[in-house]
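What follows is a single structure, written as structure tokens, with notes after it.
We did not get these values from a lab; they are worked out from the coordinates using the rules stated. As the structure is a computational prediction, the values presented were derived from the model and not from experiment. Positions of Cβ are backbone-derived with ideal geometry, glycine not excepted, and every protein chain shown enters the neighbour counts.
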Amino acid sequence: MKKKVILLTSLALMLVTTAGTASAKPGNTPPGKTGKEVSSKAPKDKERQVEEKQTEEMDPSETAKPEEDEVKEPSVSEAENTESPATDSSEPGKKGPKGYKGLLKAIQNVKDKPAGAVLADILLTKYAAELTDEQKKELEAIIEEDKALETAAEMLENNGSVTDAVYLQEEAIKSNFKNLDLYKTLGKLNEKAGKKNGVKLYVNGEGTDAEPFIKKGNTFVPFRAIAETLNAEVTWNPEERSITVSKDGVSIKLVVDSKTATVNGQYVSLDAPATITKGSTYVPVRFVSEALRATVLWEEQSRTVVVYEE
């Protein structure tokens, strides 16, 4: 799965790079540049297109590592090309034409893009001793995975790859499942991709196959699916038509069609009776919060139930 994230992020970067080089064709000479200066970049553009085509034809499993390197190299060179080509002679021992100072300048142009996270990682890994505490904090903020993934998803969406954008947005949710704005964006992408817009359930960032439903003002959620994702032990008694869940010293017992449950032997009332739908036991969502001591939130725009442990 990690390889797929790397491949899709690489694709997003390639799309941006291709868009940037397109403006440098002979018919699109930028102001202040001669046709000769622009055309001199054409061989590099053609070479890059050939490399991209070769990468697409290769097995992803065989090229995962090379492509990860490919993300770094074009990103750094693309960002540094926005600066003056002059070499920083004051840093002769540093890698690259400008050392860490050049990277610090370059990252300002891409810090809100996935390439920014790559550059930030290079700086924090290789040049930590040269950085101030303030610079480190800024780089750590840039490298936040959910933001990088969401930005990559947006880039893929803008280039028509909506299905891949949905996948990366789901990965962003896994990296920060408490951020409700990520679910809101995912809802928009799903709608654009033509997916049904029913009530959705995410537990600790993982989507579930069993969908919640709303009945007489109560939102019902699949109890077993939530309990198992929260690493609870679940037992079904077909004779009693009851489900027992044990987690961290707490034992919960539910009986289908009953508005009463027991938590460590103590009776508690449910907003509505537990029910079986499509082979799964559903309970009112508030009971999950009270019984499993989990946080339960509702994201209105995407109609998503978000459950997670603190």
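For the range 267-292, the residues whose amide N sits under 13 Å from a probe point set 7 Å from the Cα of K216 along the beta carbon direction are 270-275, 284. Charged neighbours of L292, selected by a Cβ distance under 14 Å, balance to -1 (K, R count +1; D, E count -1).
Distances between every pair of Cα atoms in the range 154-310, grouped in 5 Å steps from 0 to the bin holding the largest one, split as 2, 9, 18, 20, 18, 12, 9, 6, 3, 2, 0, 0 percent.
Using the Cβ-Cβ distance between E290 and K188 with R0 set to 45 Å, the FRET efficiency from 1/(1 + (r/R0)^6) comes to roughly 0.90. Label-to-label distance for K136 and N237 is 5.6 nm, based on points extended 7 Å past Cα in the beta-carbon direction.
May I ask you to derive the FRET efficiency for E300 and S246 from their Cβ-Cβ distance with R0 = 35 Å, giving the value to the nearest 0.05? That pair, E300 with S246, gives E of 0.55. Given K215/K259; K184/K216; K101/K136; K174/K253; K147/K188; K216/K259, which pairs have Cα atoms separated by over 19 Å? Listed pairs above 19 Å: K184/K216; K174/K253.
Could you give the nm distance between label points at E228 and T262, where each point is 7 Å from its Cα heading toward the beta carbon? The answer from the label model is 2.5 nm.
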